[in-house]
Amino acid sequence: MVRILYIEDEKEIGSWVSEDLTDRGYEVIWLQSGAQLETHLSNIDIAILDIMLPGLDGFSIGKRLKKKLDDLPVLMLSARSAVEDKIEGLSFADDYLTKPFHPDELAARVEVLLRRFQKEEAALTIGHLRIYPQSMLIINANTAEEITLTGKQFYLFQFFIRHLNQILTKEQLYEGVWGEPYLEGDKTLMVHIRFLREKLEQNPATPTIIETIRGIGYRVKQ
Amino acid sequence: MKRFFRSLLAKYMLIIIAALLFIQVAYFIVVILITGISHNLETDYTVEETKYTTIEENWHDEASQLQDVSAASITQFFKDWKADYPDAAMFWVDGDGKLREQLAVDENLPTQWTPSYTAKFIKARYDNNPFTVIAFVGGEDESNGFIVFEIPREVLLTPSQKTFNQYGMVFVIGIAVLVLLFIVISFLFFRSIRKRLLQLQDAMEIRDVDSLPVQIQVRKQDEIGQLEQTFNQMVQELKTSKEREQEEEGLRRELIANLSHDLRTPLTKINAQTFKLAKKELPLDVQQSVQTLTASVQNMDGLIENLMSYTLLMASKYKLERKEMDIIRFTRRYIASWYPAFEKAGFQFEVDMHPFDHQWFVDPNWMHRIYDNLLQNVLRHAANGKYVKMCTQSTDSYDAIVIMDKGNGMNEDSDHKGAGIGLSIVDKMVKGLELEWKIDSSADGTTIKIINCY
């Protein structure tokens, strides 16, 4: 089970978020300050931190956490919405969400972070595909056969899985997978998407796994 | 007084006074030198002897007193005169016009003097060099002929005249040197002032990292030094005032950030309670109330954000860092983040972006904020159109990003209609980024263009 370390001094908010996340199947360790932080460090998968806390503030706690565990995703959850605060937060943290927030948004962001840091054990089901994100094993649920992807197709699909439900622009995809600046009009990405669809989609002419968002880019949605 | 002597004025006065004194001193030196030199000049003549009239009178007198006219007496006479005037030459032409005796005569004289030659000789020597005196020997009796006395005029000059002739050039050169010296000193004096002024100007143009001028090292206590001191004082005052301003800005930001935080925390609490309620099975009317509550919380969140931004913007304290950026790429990425919200609300989101030839010089955070406010408006006030389009428009004179919806237009009443603070922020920010914008709103929809003119 994924363990979430959550630091929040406001009791009403803290209990609500803890309950909500627990309901969603996470194990939540809720602290009201950063004082007893050390005892919980050994077995947590993600940290959600408020900023205005008694004693050490959220920025300092976040920086300490990142220093000790650099593969621990950290999400700042604060009522401070100034650009300067966000910039400071994002200088070390992986995400920044401002209060008030919708619990669905918080859960979605937690999921994205867990996926990005590959902390999620469970298999994903996308359409007719079962995907194990850690090993990138892709099974066609209809035929129970494994789909093997090669070279750039593999990295392209992995990039989609890491940014599940997010719309990715052509530039983001090309630069994320190829590691080179995207030039307007380059067809390489489109060609690879076509190959990928031929392997993954039931009907490549009407794709359901890799969605085209006209004028923007592509999305793989769960 | 001490201060006065350090001043440039005092220095210049010193130069002028020195120059004037020099002329006086030089005058005295010249006088002393001339007198000194003339006293020391070796001369065979007394002052009296060098007078032309004395020579002439004596020559005439003594010639007329010669009684015994013979070669011997004339020779003796000549020798006597020669003793007095070693530089003189003398000769005797007798009554027959024959050249008889001569003493120390350099030129070739004819042995026989005709009246015409005599006249020519007299004419040639009259008021000329050598100084020549002709006298008849033995009174008015011409039969004894005449004796001629000649002496170079230079010999007869006064000592001071001689000194002047010999050393005049030295004095002229000396005075020229003095004048030149004065000019050179004045030039150097003003050049040093000019150099320091130019250095000061350069130093004043140097900027520190905080874009304020840098303090100057004060080396001298004259007028320029005082100017430098005043400049330093001014720099210090500027620094202090900037620091104060930054401190105030920091306080203001902090106040706004804290206020925003303090307002949002209770909102989050309300949110928490409404979500808890929403999970329960509730009668329909209570469900509606919970929905209204949720929407109001969201609305208020937006208002707090806008109010804070507006306050910062009005005080010109909203951080602005403009840079060259590919606006199409930025916008596409931005739309990707908003797309799901519109999708969820059942909107058709059309995107038609074509590359611009020019980069936009804007702050991405500001652009983000402008788009946020505009798209939020579409989502809130144009939901019945269920359509939004973002596209580009390019002409020779401008590039534009266009946001279109098919709502009821801005004049139509909307449930969420506020004081228009969101659009005021857009207006301020668009102008702050040196862009323009245009709203075209009718009952069939609203079109907003953000225009970058060239």
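The values are calculated or read from the model by the stated rules, or taken from the named source; none is laboratory data. Bear in mind the structure is a predicted one, so any value in this text is a computation, not a measurement. Cβ placement follows ideal geometry from the backbone for every residue including glycine, while neighbour counts extend to all protein chains displayed.
A few points about this structure:
- Considering the conditions (1) touching a His at 6+ places or on another chain (Cβ under 9 Å); (2) modelled with pLDDT under 85, B:Val133 is excluded by exactly one of them, (2).
- Residues located in region B:50-98, provided they are assigned to a loop (DSSP other than H, G, I, E, B) and not small (Gly, Ala, Ser): B:Lys51, B:Leu66, B:Gln67, B:Asp68, B:Val69, B:Tyr85, B:Pro86, B:Asp87, B:Asp94, B:Asp96
- Filter pass, A:Asp70 being farther than 26 Å from B:Leu263 by Cβ and either more than 8 Å from chain B (Cβ to nearest Cβ) or in contact with a helix residue (DSSP H, G or I) (Cβ under 9 Å, 6 or more places away or on another chain) (or both): yes
- Condition check for B:Ala257 on (1) among the aliphatic types (A, V, I, L, M); (2) within 9 Å of chain A (Cβ to nearest Cβ); (3) not in a helix (DSSP H, G or I): one failure, at (3).
- Looking at A:Leu164, A:Leu200, A:Leu168, just one residue is hydrophobic (A, V, I, L, M, F, W, C) and in contact with a Gly (Cβ under 8 Å, 6 or more places away or on another chain), and that residue is A:Leu168.
- Residue selected from region B:294-349 under the condition closer than 15 Å to B:Pro364 by Cα and part of a strand (DSSP E or B), by the criterion nearest to the other protein chains (Cβ to nearest Cβ): B:Met325
- In region A:167-222, residue nearest to B:Ser337 (Cα to Cα) [restricted to those that are touching a strand residue (DSSP E or B) at 6+ places or on another chain (Cβ under 7 Å), more than 14 Å from chain B (Cβ to nearest Cβ) and not charged (D, E, K, R)]: A:Ile210
- A single member of B:Ile403, B:Ile328 is within 21 Å of B:Leu423 (Cβ to Cβ), outside the structural domain of B:Leu263 (by TED's automatic domain parsing) and not acidic (Asp, Glu), and it is B:Ile403.
- Subset tally (residues that are more than 8 Å from chain A (Cβ to nearest Cβ), under 13 Å from A:Ile13 (Cβ atoms) and not hydroxyl-bearing (Ser, Thr, Tyr)) for region B:260-293: 1
- Residue list for region A:1-46, filter: among the β-branched types (Val, Ile, Thr), farther than 18 Å from A:Phe59 by Cα and either away from every other protein chain (no Cβ under 14 Å) or outside any helix (DSSP H, G or I) (or both): A:Val2, A:Val28, A:Ile29, A:Thr39, A:Ile44
- Condition met for B:Trp366 (farther than 22 Å from B:Leu379 by Cβ, at pLDDT 90 or above and crowded, with 16+ Cβ neighbours inside 10 Å): no
- Meets criteria (within 20 Å of B:Phe78 (Cα to Cα), polar (S, T, N, Q) and not in a strand (DSSP E or B)) for B:Asn128: no
- Exactly one residue out of B:Asn373, B:Asn299, B:Asn377 is surrounded by fewer than 18 Cβ atoms within 10 Å (Cβ to Cβ) and closer than 30 Å to B:Arg252 by Cα: that is B:Asn299.
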